[in-house]
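Quick notes on the structure that follows.
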Amino acid sequence: MSEPVEQQSNPTVVHVARPLEPEKPVLSAEALRRHERSKDVYPFLNLSEGEYVISAVRRHPIGLVVPLGLGTLLIGIALSILFNYGAIVETFSITGGFADAGAAAMPIWAFVAAIAFGMFVSWYVYTSNKFFLTNESVIQEIQVSLFSRQEQTVSLSNIEDASFTQHGILQQILNYGDIRLSTEGDETTYRFSYVAAPKEHIARLNNAVEAFKNGRPVDD
């Protein structure tokens with residue numbers, strides 16, 4: 001008797017045609033309206049189609065007290081010396097070229113101008129550091145110096161943890177502190193200091209992350 005021959009079945013190959021371009025999500029009229037408004041208010045942000053800003057986190061003015069206060073003090077001292085230079089010359093019996101108030105005025109005014117410029121740079125860099133929460137991501141605008149600027153964008157789906165810290169009684173009384181974000185995978189940590197009302201911003205951010213990951217609309 002001949003043994004039965006097993007027939008080998010060939011695997012079935014199914015070819016699935018994919019569209020050349022993925023279908024774009026359907027955006028509501030409200031989302032498009034808010035997207036256009038965000039582009040008008042924040043033209044420097046690189047927003048994707050349908051992405052809009054939910055909140056703009058700015059720094060607390062307490063961080064400017066030291067640089068602006070010190071600069072104001074130095075300018076006040078310099079101007080006081082300039083306007084009372086005649087009395088200073090007589091009191092300390094200054095002779096020679098330094099006895100001329102006109103000759104001393106130029107370096108004093110140069111000192112005042114340098115301090116004023118430094119105060120402007122401090123204010124510009126400090127206030128230009130911003131943190132934006134959108135319905136899709138977190139965008140951090142980092143102003144390193146007067147002519148150096150960076151932008152960091154993190155998708156809400158990649159945020160693993162968001163928290164805030166307040167150290168000392170002054171931060172709690174004036175309601176400012178630091179916020180911290182950590183991402184999945186590369187475990188990158190993002191920090192933003194001197195945030196006004198950090199607890200409110202972190203609560204809004206955590207709600208946005210939860211809604212985004214669960215496929216729900218991200219509300220304010």
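Just so it is clear, none of the values below were taken in a lab; they were calculated from the coordinates. A quick note: this is a predicted structure, and the numbers were derived from the prediction, not measured. A quick note on method: Cβ atoms are made from the backbone with ideal geometry, for glycine too, and the neighbour counts reach across all protein chains shown.
Please give the contour-minus-distance gain from residue 126 to residue 65: 0.36 nm per residue of separation, less the Cα-Cα distance, rounded to one decimal in nm. Before the final figure, lay out each step's value.
Details: separation 61, 0.36 × 61 = 21.96 nm, distance 1.14 nm.
Fully extending the segment from residue 126 to residue 65 adds 20.8 nm.
Quick check: residue separation of residue 142 and residue 210 times 0.36 nm, minus the Cα distance between them. What number comes out in nm?
Gain on extension, residue 142 to residue 210, equals 21.9 nm.
Using every alpha carbon pair in segment 89-220, what percent of pairs falls into each 10 Å bin from 0 up to the bin containing the largest distance?
With 10 Å bins starting at 0, P(r) equals 11, 28, 24, 12, 10, 8, 6, 2.
Mind listing the long-range amide H neighbours of residue 134? Cut-off is under 5 Å, sequence gap 5 or more, other chains count too, H placed in the peptide plane at 1.01 Å from N.
Hits under the 5 Å cutoff: 54, 139.
Rounded to the nearest 0.05, what FRET efficiency do residue 33 and residue 160 give with R0 = 35 Å and r taken as the Cβ-Cβ distance? Could you check?
Efficiency, rounded to the nearest 0.05: 0.65.
Using the Karplus curve 6.51 cos²θ - 1.76 cosθ + 1.60 with θ = phi - 60°, what ³J(HN,Hα) values do you get for each residue of segment 158-163, in whole Hz, with x for Gly and Pro?
9, 7, 9, 8, 9, 8
So which chymotrypsin sites (Phe, Trp or Tyr not before Pro) in segment 113-220 are both in a DSSP loop and have at most 15 other Cβ atoms within 10 Å of their Cβ?
Answer in residue order: 147.
Nearest 20 debye, what's the magnitude of the dipole of segment 53-205 about its Cα centre given +1 on Lys and Arg Cβ and -1 on Asp and Glu Cβ?
340
Separation between the residue 91 and residue 116 pseudo-spin-labels, each 7 Å from Cα along Cα→Cβ, expressed in nm?
Output for this residue pair reads 2.5 nm.
Evaluate the Kirkwood expression for the hydrodynamic radius of segment 65-124, namely the inverse of the mean inverse distance over all pairs of different C-alpha atoms, and round to one decimal in Å.
Values: mean 1/r = 0.0803 Å⁻¹.
Mean inverse Cα-Cα distance, inverted, gives 12.5 Å.
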